[in-house]
């Protein structure tokens, strides 16, 4: 398990709906750090919603856009909530992990399916005939591969998840 150094970023990875953005804001407050949501960053720089990029350009182009923005991200001592698809880019994950600790927020598929009610408009990168369950099975090994720390969130509310993350990384 990797400990968080004072200038390390704390990088949250995981499936859509797991709570990376919500937990990230709370974690940034608790650690007195700045917060970056890479999905919001991409939308602001591209001038359009993630779903609009996916609809117009497709998943492969979107992944390239996401990778480009992640590789351009230069910050220290931040909490970073990533988009769920960031793990498709080895270069992006290498960049994020070089400057920080990657924390995989994990929830079981049934809980995620209950939370995700806007799959068609949320900007989730998935193949056209792919189910959310198929996406979960495809991504789970990637999250596990890149995680320095895994936090099982199924029995935790957001505040408890923050406390568990801080404990796990020694913050």
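Nothing in this text is a laboratory measurement; each read-out follows from the coordinates by a stated rule. All values derive from a computational prediction rather than experimental measurement. Here Cβ is always computed from backbone atoms with ideal geometry, including for glycine, and neighbour counts include all displayed protein chains.
Treat the count of other C-beta atoms within 10 Å as a stand-in for reagent exposure and order 71, 142 from fewest to most.
So the residues, fewest neighbours to most, are 71, 142.
Hey, what angle do you get for helix 59-72 against the long axis of the chain, alpha-carbon based, 0 to 90 degrees rounded to 10? On a 0 to 90 degree scale, this one is about 30. Return one number: the angle in degrees, 0 to 90 and rounded to the nearest 10, between the long axis of the Cα atoms of helix 158-169 and the longest principal axis of the Cα atoms of the chain. Tilt relative to the chain: about 60 degrees. If R0 is taken as 30 Å, the Cβ-Cβ distance between residue 51 and residue 145 corresponds to a FRET efficiency of 0.65. Could you tell me which of rounded, prolate or oblate describes the range 57-111, using a ≥ b ≥ c as the square roots of the eigenvalues of the alpha-carbon gyration tensor, with rounded for a/c under 1.5 and, failing that, prolate when a/b is larger than b/c and oblate otherwise? Cα axes put the range 57-111 in the oblate bin. This ranking places 55, 148 by how few other beta-carbon atoms lie within 10 Å of each, fewest first, which gives 55, 148. Helix 132-146 and the long axis of the chain differ in direction by around 40°, with both axes built from C-alpha atoms.
Put in order of Cβ neighbour count within 10 Å, fewest first, the listed residues 145, 68 become 145, 68. Between residue 7 and residue 60, what is the FRET efficiency for a Förster distance of 30 Å, r being their Cβ-Cβ separation, to the nearest 0.05? Computed FRET efficiency for residue 7 and residue 60: 0.30. Simple spin-label estimate for residue 72 and residue 32 gives 3.2 nm between the two label positions (7 Å along the Cα-to-Cβ direction from each Cα).
Here the simple spin-label model places points 7 Å from the Cα toward Cβ, and for residue 152 and residue 115 these points are separated by 1.6 nm. At full extension, residue 133 and residue 166 could sit 8.9 nm farther apart than now, given 0.36 nm per residue minus the alpha carbon distance.
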